[in-house]
Amino acid sequence: MGLPAAWRYHWNVDLLGRAALRVNRWLAQRRGDAGWNSQVLAPPLRVSAWNKELIARHYLAGRYANGYRKVAWVTSGAPVELLKALDFYVLYPENHAALCGAGRVVVEIASEAEDAGFSRDLCSYARTDIGTVLSGKTPVGRLPRPDLLMACTNICQTVLYWYRVLAHHFRIPLILIDTPFIYTEATDHAIAYVRRQLEEAVEVAEEVAGKPLRMERLREVGRLSQRASELWMEIMERCRHRPSPISVFDQFIQMAPVVEMRGEPETVDFYAAMLREVDERIARGIGVVKEEKRRLLWDNLPIWYRLRYLAEFLGQHGAAIVASTYTNAWGELARMIDPDRPFESMARTYMHPILNRGTGEKLALMRRMVEEYKLDGVILHSDRSCKPYSIGQIDQRDRLIREVGVPALLLEADHNDPRAFSEEQVATRLSAFLEVLGLA
Amino acid sequence: MTQALGIDVGAATTKMVAVDGEGRLLWHWLEETEPRIEEQVARFLAAAREALGPLDGVPLIATGYGRRLIHQATRRVTEITCHALGIYRELGHGGTLVDIGGQDSKAIRIGPDGSVVDFVMNDKCAAGTGRFLENTARRLGVGLEEMGQVALAATDEVTISSTCTVFAESEVVSLIAHGVGVPAILRGLHRALVQRVVAMVRTVGLEPPLMLSGGVVRNPAVCRMLEEETGHPVLLPRHPQLMGAYGAALLALAETGRRGDGENTG
Amino acid sequence: MKPAVTIPRRSEVVRNHRQAGGAIAAVLPIHYPRALLRAFGFLPVEVWGPPQVDTSYGAAHLQPYVCSVVRNGLSFLRSGGLDVADLLVVPHACDALQGLGSILLDFIRPRQPVLPLYLPRGRRESDLDFLAEEFRAASQRLSEITGRVPSEAELLACIVREEEADRLLAELHRRRTELPMSDLAFYRLVRSREYLPAERFAGLAEEALAQAGDPRADGVPILLSGILPEPMALFEALEEMGGQVVADDLACCGRRLYPPGSDPDPFRRMAQRILNGPPDPTRGSPIEERLAHLLRLAEQSGARGAVFYDVKFCEPELFDLPDLRRELTKAGLPSVAIETDLNDPLSHQTLTRLEAFLEMVEGARGKGQEV
């Protein structure tokens, strides 16, 4: 560890950065709803300012991490607890890409990857990340160079191809946690396989970190991680309330900490505060859509570059999307984590995200959510960039209509690339769907 | 006197060129490609004979989309190689050549000796080809000849985010419905086309100077925007549409020199 | 050129096998244990697409951005093309095949039992252990389906037979230019491994190898990489424009030249063979390994250019392309990338790209010789 690097890190992140971001948050909270101009949607939660602070501080720490802390780049479904317990600075290229999507800079950044020969048919997250790697372009200033990569195939195989490209580019070790897809149920040999990879990953990560893993620390991180996920689940479950206090669009924005800052104490505090605020809304009878008439389910990743547009479009007609299989994924596994049996429970947990289970399981989940959240319709975002999430949707939609009796819409788009989004086509489909829901 | 002939049967136009022993362009002919290519080529050859005298023993190389249909040809060579040869002879240096055709577009990197170093063509989608402009311009009721001028004269420019031709068309429809002016839309369409072409150029690696050939050269907006988007001046040959046929003729000439004979073009 | 050996047609092989009381396993790409299926009496018949089917059947279940190999496979099944099959095997080669396996099990539920197989993405000891167990579990499932329990000796005999066929397959590949057959005939022969029983394939291979003579050099030597060479008219077109395929890194061909195994346990031996096969992005091979493999192939075969012939939307292939192509160029091996769809005939543009590429490689050689 270089002393100047440590000094720079503490000065910029812990002193100046922390203070400046805290002031920012305080100012934002004081401004409150002053700038809010929507007629149909409730203003953002007050904790949004805290969320912004957390994210800004996270990327600021990343900016000064090289030379002071070891840096790992990981996939969104990776068993990050191991790396957190070894004090890695952990970056999520998927979250960074989503941030670029919401900030509408994807076309410029992804073009850098496309110019280098990466096909436009590849995942738009991957193209965004590779574009940043090749050009240095990012809205967060600078991404730290990784010392270690960790790819877990529990969300797709795409991440492995993508991380192979990163490993080749940076010439650094890549830890692969291969989680066999669960067609029907998880086999013992598959769980044993994942567990063994986790144990072997520790050796590689320890070597890069230059220090041994302390089990007590791993258990602590596991507990914090579990607590954050539980709180997240509780918040989402509050959307069963009618009118729903928040929408999935709020969830999409507020989920960043439970993904990329899981295992940190402040993340737990943040979600505890968020839960209090959501409860306050319920107590005061505030709904996210001012006149909630219909409640919908969202399947698949968000369309990051059109969140506000979709929320407004639906909200105008009294439709609120109150649950999603996507945000649910970071809460539903919480109960599987057992801090006292970290490897065993991590193996099971990380094999079971919805994306690593059969298409019938996803239908069952949607069916359950429709019931529990009392939903009137389902929007299935057919995401060109995410095959594991999207394949099966045609049959799922068919069953939802025929067997569950809810209207369901398949909406063709892409989670991060606006060039694959036709606003005119989307508007027509959504309008027709709203008519089916009796909202026209 | 005519030493070699080249013919380029493109998706939109067919071109024939005759060169003398030094490779100088003696004569050329250009028509829109007709469905009956064989008959059209026979007519081209008749026109050539009328202008140049008997062509017995003069070699002919065919290139372009319809090259396989030219049974009179000594040999068939792709338009990639021919364009590179033609432009190299015409401008006297290598660099990066962009050719935007009706059906295909390509970026060709040409070495300092005139050889093809690398090339790319548009993928299956038509977004980077002339057709992209034509289809959408038709919807706007603007003629092919004038659309470049109209686009350049526009004071506003809208962003056409979709690069898919089908999506772009629906985007245009929606822009019209929202009352956006035709010139601004046209300008946006040109920009989308050029950006797609520039993406191809970057894939192959831009080695200056940047050169442009093909019928699209007549569209001033494409040239201007190509310069804006790449930051490089665009060099144009004297006969931008003839580079493929010219290259074919040059190749035929080089081969006569090598073999010392030529086949009968009839 | 006349084919040097007569290759039985797929439909005829399937019919004969069924008439003799055998069962058919329709197998999707890419890697799977042939010996295991044979030990239970199934003849594996592979389904790579096939090209030119009515894709509307697949479109009823799969979005347009799913590749044509998977879409056509499903279309073929739904249109009755696999009615002769008694079992469907769906190896987990990629996200698209994962999805196909899953919707078959959960929604489409064909008449035949569906057996998915997960392939680990590494070459570690843990991957070997897992794959062996995965095969053991598959064996259990096959026992339930067929009511048979082959002995270890029977299974080993099947493995040995496959190893012999694969040894001959590798020899065909190695000595391809010595064989008196066109590229098209060669690929018809090696691809008959996709449906012939190992012992019949071995016979054909020996027959072809017996006719080996002086190496032929018919054109610009190229290395063909990608998933599968469809339409097969590709080879005629290449030949016509002066190219010759001298080596391949195709998923259906060169990436399945499995070396023999050595483990005494039959399940581990089958796993070992697949994991020790040539580098393959669908098995998680690092880019460096693929690069070294391609350079070695080019060096051994004398290939002077590489053609990446990929199916549109194929992520495992497309991710590696930029790095592979850049570094091959650096090493003096130019390349061209072509995207195909199984339902398209060879397009004019594809032919032009190939031809222009051969002219480019040829031109470079011309210059080289003059210097």
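The values are calculated or read from the model by the stated rules, or taken from the named source; none is laboratory data. Keep in mind that what you see is a predicted model, and the values were worked out from it rather than measured. Positions of Cβ are backbone-derived with ideal geometry, glycine not excepted, and every protein chain shown enters the neighbour counts.
Check A:Pro79, A:Pro44 and return the single one that is modelled with pLDDT under 95, crowded, with 17+ Cβ neighbours inside 10 Å, within 30 Å of A:Leu355 (Cβ to Cβ) and in contact with a helix residue (DSSP H, G or I) (Cβ under 6 Å, 6 or more places away or on another chain).
Just one listed residue meets the conditions, A:Pro79.
Restricting to the stretch B:9-51, what's the tally of residues that are touching a His at 6+ places or on another chain (Cβ under 8 Å), crowded, with 20+ Cβ neighbours inside 10 Å and closer than 19 Å to B:Val216 by Cα?
Residues flagged as touching a His at 6+ places or on another chain (Cβ under 8 Å), crowded, with 20+ Cβ neighbours inside 10 Å and closer than 19 Å to B:Val216 by Cα within the stretch B:9-51 amount to 2.
Of the residues that make up the stretch C:265-284, is at least one at positive phi, over 18 Å from the mean Cα position of the chain (by Cα) and surrounded by fewer than 23 Cβ atoms within 10 Å (Cβ to Cβ)?
no
Mind checking which helices (runs of 4 or more DSSP H) fall wholly inside the stretch A:250-340 and carry at least 2 residues that are surrounded by fewer than 22 Cβ atoms within 10 Å (Cβ to Cβ) and touching a Lys or Arg at 6+ places or on another chain (Cβ under 7 Å)?
Qualifying helices (runs of 4 or more DSSP H): A:265-283.
Is it the case that the stretch B:146-160 has a residue that's surrounded by fewer than 17 Cβ atoms within 10 Å (Cβ to Cβ), under 20 Å from B:Glu229 (Cβ atoms), within 14 Å of chain A (Cβ to nearest Cβ) and free of Cβ contacts under 8 Å to residues at least 60 places away in the same chain?
The answer is yes, given that some residue of the stretch B:146-160 is surrounded by fewer than 17 Cβ atoms within 10 Å (Cβ to Cβ), under 20 Å from B:Glu229 (Cβ atoms), within 14 Å of chain A (Cβ to nearest Cβ) and free of Cβ contacts under 8 Å to residues at least 60 places away in the same chain.
Given (1) among the charged types (D, E, K, R); (2) modelled with pLDDT of 85 or more; (3) part of a helix (DSSP H, G or I), where does B:Glu171 come up short, assuming only one miss?
(2)
Yes or no: C:Glu236 free of Cβ contacts under 8 Å to residues at least 12 places away in the same chain, of a type in the set (Asp, Glu), outside any strand (DSSP E or B) and surrounded by fewer than 20 Cβ atoms within 10 Å (Cβ to Cβ)?
No; evaluated as a whole, the condition is false for this residue.
Being among the aliphatic types (A, V, I, L, M) and modelled with pLDDT of 90 or more is the filter here; which residues of the stretch A:318-360 pass it?
Passing the criteria: A:Ala319, A:Ala320, A:Ile321, A:Val322, A:Ala323, A:Ala329, A:Met346, A:Ala347, A:Met351, A:Ile354, A:Leu355.
Just to check your reading of the model, which residue among A:Gly117, A:Gly136 is more than 12 Å from every other protein chain (Cβ to nearest Cβ) and over 18 Å from the mean Cα position of the chain (by Cα)?
Numbers: A:Gly117 fails: more than 12 Å from every other protein chain (Cβ to nearest Cβ).
The match here is A:Gly136.
Scan B:Gly114, B:Gly141 and give me the residue that is in contact with a Phe, Trp or Tyr (Cβ under 7 Å, 6 or more places away or on another chain) and either surrounded by fewer than 24 Cβ atoms within 10 Å (Cβ to Cβ) or at pLDDT below 90 (or both).
Details: B:Gly141 fails: in contact with a Phe, Trp or Tyr (Cβ under 7 Å, 6 or more places away or on another chain).
None of the other options fit; the residue is B:Gly114.
Name the residue that is nearest to C:Glu315 (Cα to Cα), counting only residues in the stretch C:47-93 that are among the polar types (S, T, N, Q), part of a helix (DSSP H, G or I) and in contact (Cβ under 8 Å) with a residue 24 or more places away in the chain. Talk me through it step by step, then tell me what you get.
Step one: of the stretch C:47-93, the residues among the polar types (S, T, N, Q) are C:52, C:55-56, C:63, C:68, C:72, C:75, C:79.
Right, trim to part of a helix (DSSP H, G or I) and you get C:56, C:68, C:72, C:75.
Add one more test, that the residue is in contact (Cβ under 8 Å) with a residue 24 or more places away in the chain, and what stays is C:68, C:72.
Working: C:Ser68: 13, C:Asn72: 17 Å.
So, considering only residues that are among the polar types (S, T, N, Q), part of a helix (DSSP H, G or I) and in contact (Cβ under 8 Å) with a residue 24 or more places away in the chain, the one nearest to C:Glu315 (Cα to Cα) is C:Ser68.
I'd like to verify a number: residues in the stretch A:399-435 that are within 14 Å of chain B (Cβ to nearest Cβ) and outside any helix (DSSP H, G or I), how many?
Count: 7.
Quick one: count up the residues across the stretch C:94-118 that are part of a loop (DSSP other than H, G, I, E, B) and more than 9 Å from every other protein chain (Cβ to nearest Cβ).
Going through the stretch C:94-118 one residue at a time, the tally reaches 5.
Going through the stretch A:389-398 one residue at a time, which ones are within 29 Å of B:Glu169 (Cβ to Cβ) and not in a helix (DSSP H, G or I)?
Result: A:Ile391, single match.
If A:His96 meets every condition in (1) of a type outside the set (S, T, N, Q); (2) surrounded by fewer than 21 Cβ atoms within 10 Å (Cβ to Cβ); (3) not in a loop (DSSP other than H, G, I, E, B) apart from one, which number is that one?
That leaves (2) as the condition not met.
Of the residues A:Arg306, A:Arg276, A:Arg281, which single one is at pLDDT 95 or above and more than 29 Å from A:Gly263 (Cα to Cα)?
A:Arg306
Whether any residue in the stretch A:358-370 is of a type in the set (A, V, I, L, M, F, W, C), surrounded by fewer than 21 Cβ atoms within 10 Å (Cβ to Cβ), in a loop (DSSP other than H, G, I, E, B) and more than 9 Å from every other protein chain (Cβ to nearest Cβ) is what I want to check.
Checked against the condition, which is being of a type in the set (A, V, I, L, M, F, W, C), surrounded by fewer than 21 Cβ atoms within 10 Å (Cβ to Cβ), in a loop (DSSP other than H, G, I, E, B) and more than 9 Å from every other protein chain (Cβ to nearest Cβ), the stretch A:358-370 yields no hits at all.
Kindly provide the set of residues from the stretch A:140-155 that are under 18 Å from the mean Cα position of the chain (by Cα) and either assigned to a loop (DSSP other than H, G, I, E, B) or of a type in the set (D, E, K, R) (or both), ordered by number.
Selection gives A:Val140, A:Thr153, A:Asn154, A:Ile155.
So, C:Pro91, is that one buried (at least 22 other Cβ atoms within 10 Å of the Cβ) and within 9 Å of chain A (Cβ to nearest Cβ) or not?
Taking the combined requirement at face value, the residue does not satisfy it.
Specify which of the listed residues (C:Arg296, C:Arg216, C:Arg200) is free of Cβ contacts under 8 Å to residues at least 12 places away in the same chain, more than 30 Å from A:Pro180 (Cβ to Cβ) and surrounded by fewer than 21 Cβ atoms within 10 Å (Cβ to Cβ).
On the way: C:Arg216 fails: free of Cβ contacts under 8 Å to residues at least 12 places away in the same chain; C:Arg200 fails: free of Cβ contacts under 8 Å to residues at least 12 places away in the same chain.
Among C:Arg296, C:Arg216, C:Arg200, only C:Arg296 is free of Cβ contacts under 8 Å to residues at least 12 places away in the same chain, more than 30 Å from A:Pro180 (Cβ to Cβ) and surrounded by fewer than 21 Cβ atoms within 10 Å (Cβ to Cβ).
Go over the candidates A:Ala186, A:Ala151 one by one and state the one that is at the interface with chain C (Cβ under 10 Å from one of its Cβ atoms), more than 24 Å from C:Ile338 (Cβ to Cβ) and of a type in the set (Gly, Ala, Ser).
Checking each option against the conditions leaves just A:Ala151.
Would you tally the residues in the stretch C:304-347 being on the phi > 0 side of the Ramachandran plot and without any contact (Cβ under 8 Å) to a residue 12 or more places away in the chain?
The total comes to 1.
Any residue in the stretch A:201-218 that is within 28 Å of A:Glu361 (Cα to Cα), surrounded by fewer than 22 Cβ atoms within 10 Å (Cβ to Cβ) and either within 14 Å of chain C (Cβ to nearest Cβ) or not β-branched (Val, Ile, Thr) (or both)?
Step one: of the stretch A:201-218, the residues within 28 Å of A:Glu361 (Cα to Cα) are none.
Within the stretch A:201-218 (the criterion being within 28 Å of A:Glu361 (Cα to Cα), surrounded by fewer than 22 Cβ atoms within 10 Å (Cβ to Cβ) and either within 14 Å of chain C (Cβ to nearest Cβ) or not β-branched (Val, Ile, Thr) (or both)), the answer is no, since none of the residues qualifies.
Residues that are buried (at least 19 other Cβ atoms within 10 Å of the Cβ), facing another protein chain (nearest Cβ under 10 Å), in contact with a helix residue (DSSP H, G or I) (Cβ under 6 Å, 6 or more places away or on another chain) and within 24 Å of C:Gln140 (Cα to Cα): does the stretch A:166-180 have at least one?
Yes; the residues of the stretch A:166-180 include at least one that is buried (at least 19 other Cβ atoms within 10 Å of the Cβ), facing another protein chain (nearest Cβ under 10 Å), in contact with a helix residue (DSSP H, G or I) (Cβ under 6 Å, 6 or more places away or on another chain) and within 24 Å of C:Gln140 (Cα to Cα).
Kindly evaluate A:Gly438 against the criterion of being away from chain C (no Cβ under 14 Å), surrounded by fewer than 23 Cβ atoms within 10 Å (Cβ to Cβ) and under 21 Å from A:Val248 (Cα atoms).
Working: away from chain C (no Cβ under 14 Å): yes; surrounded by fewer than 23 Cβ atoms within 10 Å (Cβ to Cβ): yes; under 21 Å from A:Val248 (Cα atoms): no.
No: the conditions fail for A:Gly438.
Within the stretch B:1-65, considering only strands (runs of 3 or more DSSP E) that don't extend past its boundaries, which have at least 3 residues that are under 16 Å from B:Leu251 (Cβ atoms) and not aliphatic (A, V, I, L, M)?
On the way: elements: B:4-9, B:13-19, B:25-32, B:60-63.
Those strands (runs of 3 or more DSSP E) do not exist here; none qualify.
Hey, can you tell me all the residues within the stretch B:61-110 that are at positive phi and at pLDDT below 95?
Those that are at positive phi and at pLDDT below 95: B:Gly64, B:Gly92.
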